[in-house]
Amino acid sequence: MALVYDAEFVGSEREFEEERETFLKGVKAYDGVLATRYLMERSSSAKNDEELLELHQNFILLTGSYACSIDPTEDRYQNVIVRGVNFDERVQRLSTGGSPARYAIVYRRGWRAIAKALDIDEEDVPAIEVRAVKRNPLQPALYRILVRYGRVDLMPVTVDEVPPEMAGEFERLIERYDVPIDEKEERILEILRENPWTPHDEIARRLGLSVSEVEGEKDPESSGIYSLWSRVVVNIEYDERTAKRHVKRRDRLLEELYEHLEELSERYLRHPLTRRWIVEHKRDIMRRYLEQRIVECALKLQDRYGIREDVALCLARAFDGSISMIATTPYRTLKDVCPDLTLEEAKSVNRTLATLIDEHGLSPDAADELIEHFESIAGILATDLEEIERMYEEGRLSEEAYRAAVEIQLAELTKKEGVGRKTAERLLRAFGNPERVKQLAREFEIEKLASVEGVGERVLRSLVPGYASLISIRGIDRERAERLLKKYGGYSKVREAGVEELREDGLTDAQIRELKGLKTLESIVGDLEKADELKRKYGSASAVRRLPVEELRELGFSDDEIAEIKGIPKKLREAFDLETAAELYERYGSLKEIGRRLSYDDLLELGATPKAAAEIKGPEFKFLLNIEGVGPKLAERILEAVDYDLERLASLNPEELAEKVEGLGEELAERVVYAARERVESRRKSGRQERSEEEWKEWLERKVGEGRARRLIEYFGSAGEVGKLVENAEVSKLLEVPGIGDEAVARLVPGYKTLRDAGLTPAEAERVLKRYGSVSKVQEGATPDELRELGLGDAKIARILGLRSLVNKRLDVDTAYELKRRYGSVSAVRKAPVKELRELGLSDRKIARIKGIPETMLQVRGMSVEKAERLLERFDTWTKVKEAPVSELVRVPGVGLSLVKEIKAQVDPAWKALLDVKGVSPELADRLVEELGSPYRVLTAKKSDLMRVERVGPKLAERIRAAGKRYVEERRSRRERIRRKLRG
């Protein structure tokens, strides 16, 4: 029997039953892990790494059903499966969730590698593959049985070898295989006849279907693509003589490898790896491999996930040492297997369970339902909405689980700006699931997406990468944008295309100029191609701007052209020579910042005239200089006291100002304050301009063009009447005019476009603008409750008030609003002290989300939100924290050595033992690991090797070696204890 490994079964009936049980549990024998461990235990005398590598490569190739990539140095061994299965990353991308081997057999992506390994021509590979199918006419049904049990990493067995409990299912599947195919399946078959190895997603794309529709796995009326595929493959022309010839060639190759393996193993191993020895010891190898796998899994469950030893062993044993299987198993199933398992322990290893319960508020039972059917959040997102609804209607999902699954799908799409719930639902109805929608967006299927009701420009701009940037260029419509994105593979690639190539695509020079950001450079060099060449040479226009003045002169630019390239303000250019002006502008970034950061005297010292220095200091400075008694230094002190805000100055009383500004005096302060009030009032009065009929007409024509302006004036009687409607945000009345749509209204009514982009309807936008006057006033003064009174939902409120990034962290709108109101901006909320956020009632989990702290980071023993925040501020990411030197970690405020030990133990448990050694400082620990390679190697190094490291003397070397012995013994005793329990 060949259920577990590629060899004939030898043993008693009892052993046969054990073997079948092993298969049904999904145990996978002779993979790279087994081979590597088996050989490492027996090859301590290997002369060099290359010989050892060759030894285990040959061992894998000969004894396994496949050979995984274990640092192979030759193509011959990379992803080669002697019987045809190919574990390469392309297959994993084709996979929609099962064992990679399941898809590997179907797609046969390893032909070239197989051909190379067997030393045959690539086109002859199908003959060998089909040989197995020809020998077993029930192959298609058998595939489906194996899929049912989750494994297809083996070749066909005969009918007699099907386990009795599978016989009924086997017969039913044969019947199912014989069902007639429908029109959709006939179309699939046509593609498979052209190329049996066509990927499922390619078939789906060509037929306009979802991948799940193509596979037919979830359709009880479908025979399934695997059966369709088998119909095609079985009919591939089969040359028995050629197949036999190739099989003989393969057998010769295997025999040569066996001989070579035996020759090598005699030098390195206690037991030469002869063919006979391998067959005799298979069961022992398998038992030892599985035992070791379970032990390692139990240790990992304890150390990484904090699960108690007996529970960890129970789980590891039940799932054959596979943490990935445990992590995708429902809680109730885990509980049935291991009754002592707590919910918190299950959540620690099954992050999907934790997310569904803690973030989505599901009960454990509902979370289990979703995990049982979908395995993960990704599984939910990859399942069609109609399938989820069907499962609910058939009673396979409870109402709680069903609603949660639908909400997860909708939330994945409504995260995008402008995508509301109704639009998200329509997209799901049209394309099946969120992953398919995102795939269409990534493939720039703009017209296909736009065919869905409610998907307009705003949604497309949000969904399709680069579309918003392209469509914003005047003259580029949707059709051309789609064509460009598909041709070049994305917006950035479109921008990288040559000027001539883009002209061939129908773009005008003006469009190319805007697309590539060449306006400034072209205006200077006078040639579009030359400007593009310059930008390509230096990477970007900003890089050209950063070039030193002298280098730009060497490129042939005049001083005026250099000033234009660098964007140096005219006032600055007039005040200083080019080098000084460029240096100041690059250092401070703006004229305003230069005026604030440099004093009046500093500017004079740099060469500015008094008049030019006053111009740079700004209008407020010049205004104060015009007040009798106020000189440059006093004007600077006044402006610094009110942060250069004239309105703030006008709001003070003279006594307050006199106290704030040294040397001002109350009398002069009074003159300054009254002058400021007059200036502010004057500004307010001039803010609203009264326009004549002719001025309104000119304004309308400038905003929307002559044609639309004429329609508006004719409809409402006069340009002045239109102006009143615009000022009063009478959006609904403006939209009544034929030919006047959202675009025109957006040009006329300030803030309307912003509100529409936030998802508001025209009526909602009108209500908001009438109440608050402008978007800025909404964002500054509106509360969620006030906006709800205007009929807005929380999603729209979050967009208007700039709360989406907080709401996406699973905060409610009111909490997000209070946080932003208190701290001023979302970025300030992220920087807010943890203590203050706790006082506002936020849990540590929510605070961690706001601050972008990974959940896995908080699971480290002794880690708090405050410490995690400081670590991320210093090292940027959790991965970099774990990789950071110990000496740098301990310098982070509040992070002591005990926490550092726990952090480094996430990478290698040996770190704790090394850092516990008396006399090993963080700096020395770093140096030891740098010299010897890893903390484990430090602990197990020879005394002489340790003493070669600076500051390690004989006594410290002995202490390190003693700690190493204790560490190794402790790990060995833990393993032995688990082994004894396992064998017991």
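The values are calculated or read from the model by the stated rules, or taken from the named source; none is laboratory data. Worth saying up front: this structure is predicted, and the values here are computed from it rather than measured. When we count neighbours, we look across all protein chains shown, and the Cβ atoms used for this are built from the backbone with ideal geometry, even at glycine.
Among the residues of segment 576-598, is there at least one that is surrounded by fewer than 16 Cβ atoms within 10 Å (Cβ to Cβ), part of a helix (DSSP H, G or I), among the charged types (D, E, K, R) and in contact (Cβ under 8 Å) with a residue 40 or more places away in the chain? Checking segment 576-598: at least one residue is surrounded by fewer than 16 Cβ atoms within 10 Å (Cβ to Cβ), part of a helix (DSSP H, G or I), among the charged types (D, E, K, R) and in contact (Cβ under 8 Å) with a residue 40 or more places away in the chain.
Asp336 satisfies every condition listed in (1) at pLDDT 90 or above; (2) over 30 Å from Arg426 (Cα atoms); (3) out of contact with any Gly (no Cβ under 8 Å at 6 or more places or on another chain) except (1). Residue count for segment 757-779 satisfying the condition of being surrounded by fewer than 20 Cβ atoms within 10 Å (Cβ to Cβ) and closer than 16 Å to Val726 by Cβ: 4. Of the listed requirements (1) under 23 Å from Ala481 (Cβ atoms); (2) among the small types (Gly, Ala, Ser); (3) over 36 Å from the mean Cα position of the chain (by Cα), Gly517 misses just one: (3). Identify, please: which residue in segment 396-418 is modelled with pLDDT under 90 and among the small types (Gly, Ala, Ser) and is, among those, surrounded by the most Cβ atoms within 10 Å (Cβ to Cβ)? Among them, the one singled out is Gly418. Applying the criterion of at least 1 residues that are aromatic (Phe, Trp, Tyr) to the helices (runs of 4 or more DSSP H) found wholly in segment 879-956 leaves 910-915, 935-939. Scanning segment 481-518 for residues that are among the charged types (D, E, K, R) and under 24 Å from Arg756 (Cβ atoms) turns up Glu482, Glu514.
Of everything in segment 643-659 that is in contact (Cβ under 8 Å) with a residue 12 or more places away in the chain and in a loop (DSSP other than H, G, I, E, B), the residue that is farthest from the chain's Cα centre (by Cα) is Asn653.
The single residue among Ala746, Ala719 that is modelled with pLDDT of 85 or more, under 26 Å from Lys796 (Cβ atoms) and in contact with a helix residue (DSSP H, G or I) (Cβ under 8 Å, 6 or more places away or on another chain) turns out to be Ala746.
The number of residues in segment 745-756 that are more than 21 Å from Lys416 (Cα to Cα) and buried (at least 21 other Cβ atoms within 10 Å of the Cβ) comes to 3. Close contacts from segment 905-933, counting a first residue that is surrounded by fewer than 21 Cβ atoms within 10 Å (Cβ to Cβ) and a second that is of a type in the set (S, T, N, Q) and at pLDDT 90 or above, with Cβ to Cβ under 7 Å and a gap of 6+ residues or different chains, come to Pro922/Ser887; Glu923/Ser887; Asp926/Ser887. Those residues that are of a type in the set (A, V, I, L, M) and in a helix (DSSP H, G or I), I need them from segment 481-521; list them, please. Matches in segment 481-521: Ala481, Leu484, Leu485, Val494, Val499, Leu502, Ala510, Ile512, Leu515, Leu521.
From the list Leu484, Leu521, the lone residue that is crowded, with 20+ Cβ neighbours inside 10 Å and in contact (Cβ under 8 Å) with a residue 24 or more places away in the chain is Leu521. Checking each residue in segment 344-372 for being buried (at least 21 other Cβ atoms within 10 Å of the Cβ), in contact (Cβ under 8 Å) with a residue 24 or more places away in the chain and assigned to a helix (DSSP H, G or I) picks out Glu345, Val349, Thr352, Leu356, Ala366, Ala367, Asp368, Glu369, Leu370, Ile371.
Looking only at segment 563-575, count every residue that is at pLDDT 85 or above and either among the hydrophobic types (A, V, I, L, M, F, W, C) or in a helix (DSSP H, G or I) (or both) and tell me the total.
Taking segment 563-575 and keeping what is at pLDDT 85 or above, we get 563, 568-575.
From what's left, either among the hydrophobic types (A, V, I, L, M, F, W, C) or in a helix (DSSP H, G or I) (or both): 563, 568, 570-575.
The qualifying residues number 8.
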